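Quick notes on the structure that follows.
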Amino acid sequence: MVHYIGIDVLRSLHEGIVARRKGDAKASRTAKLFAQGSRKVASKLGEEAVEVVIEAMRGDRHAVVMESADLLYHLVALWVDLGIKPDVVWAELRRRELTYGIAEKLLKDEGAPAPAAAPAAARPKKARKGK
């Protein structure tokens, strides 16, 4: 696996999670997480977000760094679970930067355009009913 500095570290993390998600759950924490299902992947992201907030409120910078790394891992795991590639998220950030400025958070009720859809190959296939 290639290791990058900067934003590409998330692309590298994405590639690593994709490679490990279907591995042996006894040997890989990533495989174990995915074996527990989509709800577990999503709930772990929520847990890590809360831990970042708690450590920030305590003023513990080191703990915030550590928990932030966990948060990013679980965010990327959620992307993998949903078939979202990092470039789709980067494209949405770029769209917002060009439209509103990078420092602006879009209001949800402003009717902002929907994010660009992932290419069909990047989206998970839906199961057919009755099959």
Region 1-82, relative contact order [Cα under 8 Å, separation at least 6], %: 29 percent
Ranked packing of 65-71, 11-17, 93-99, most packed first, by mean Cβ within 10 Å: 11-17, 65-71, 93-99
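Percentage of Cα-Cα pair distances in region 1-82 greater than 14 Å, rounded to whole percent?
Cα-Cα pairs of region 1-82 separated by over 14 Å account for 64 percent.
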Loop-located trypsin sites (Lys or Arg not before Pro) in region 24-87 whose Cβ has at most 15 other Cβ within 10 Å (DSSP): Lys26
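The numbers here are math on the coordinates, done by the rules we state, and not lab data. Predicted, not measured: the structure shown is a model, and the values here were computed from it. FYI the Cβ positions are ideal-geometry reconstructions off the backbone, even for glycines, and counts take in every protein chain you see.
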